[in-house]
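Data first, discussion second: the structure below is written as C-alpha cells.
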Amino acid sequence: QVQLVESGGGLVQAGGSLRLSCAASGRTFSSYAMGWFRRAPGKEREFVAAISWSGGSTYYADSVKGRFTISRDNAKNTVFLQMNSLKPEDAAVYFCASGRYPSYSGSLYDYWGQGTQVTVSS
C-alpha cells in the first residue's frame, strides 16, 4: 500500500522559511513524479510544484516561482519543498502527491498524503 507522509509544516512569520518533507513508501519512489498542492480555507486546491521521477524537470505555479524549490532524494524516498520569503497568502494545508507524470492537474496523481499545515503570520 502506498503511503505519503508530509512533515515540516508550522507557524512562521512573513518573510521566513520552511522546508516541507514527504516520505513515500509502498512502491518504487524513483519511478514516479511527485507534486505539491495546497488548499487554503475557503479556496480550491491549487498546484504548487512538481518534479519528474529523476528530478531533472521541475514545474512551479507562478505564485511561488523564485521563492519555492522542489527537490527529491530517491535514495531516501523523500520529496522536499523549500519555501522561502513566505507570505500570508501562502498559508494553507500542503499536500504531496505521487503520479506517473509531473502535472499541474491534481487529477493525474493517484496517491496523496494527509497534508501538513503552514501558517504565515503578518
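The values are calculated or read from the model by the stated rules, or taken from the named source; none is laboratory data. None of these values were measured; they are calculated from a predicted model. Quick reminder, even Gly has a Cβ in these numbers, built from the backbone with ideal geometry, and neighbours come from all protein chains shown. Ligands, DNA and RNA are excluded from the accessible area calculation, which covers all protein heavy atoms including side chains. Shrake-Rupley method; radii C 1.70, N 1.55, O 1.52, S 1.80 Å.
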Handout entry: Solvent-accessible area, 1.4 Å probe, carbon plus sulfur percent, for the chain
Key = 47
Exercise for the section: Quick one: among GLY15, GLY26, GLY66, which has the greatest mean-square fluctuation in a GNM of the chain with alpha-carbon springs under 10 angstrom? Expected result: GLY26
Handout entry: DSSP bridge orientation in the chain - percent antiparallel, rounded to nearest 5
Key = 90
Handout entry: Per residue accessible area in Å² of the chain, where ligands, DNA and RNA are left out and the probe is 1.4 Å
Key = 51
Completion exercise
Mean 1/r over distinct Cα pairs of segment 1-105, inverted to a Kirkwood Rh in Å, yields 13.8
Fill in the blank from the handout: As straight-line cross-link partners of LYS43, the qualifying lysines (C-alpha separation under 30 Å, not fewer than 8 residues apart within one chain) are LYS65, LYS87
Completion exercise
Per GNM of the chain with C-alpha springs under 10 angstrom, the most fluctuating residue out of THR28, THR58, THR69 is THR28
Exercise for the section: Answer with one residue from VAL79, VAL120, SER103: the one whose Cα lies farthest towards the positive end of the charge dipole of segment 42-122, charges on Cβ with Lys, Arg +1 and Asp, Glu -1. Expected result: VAL79
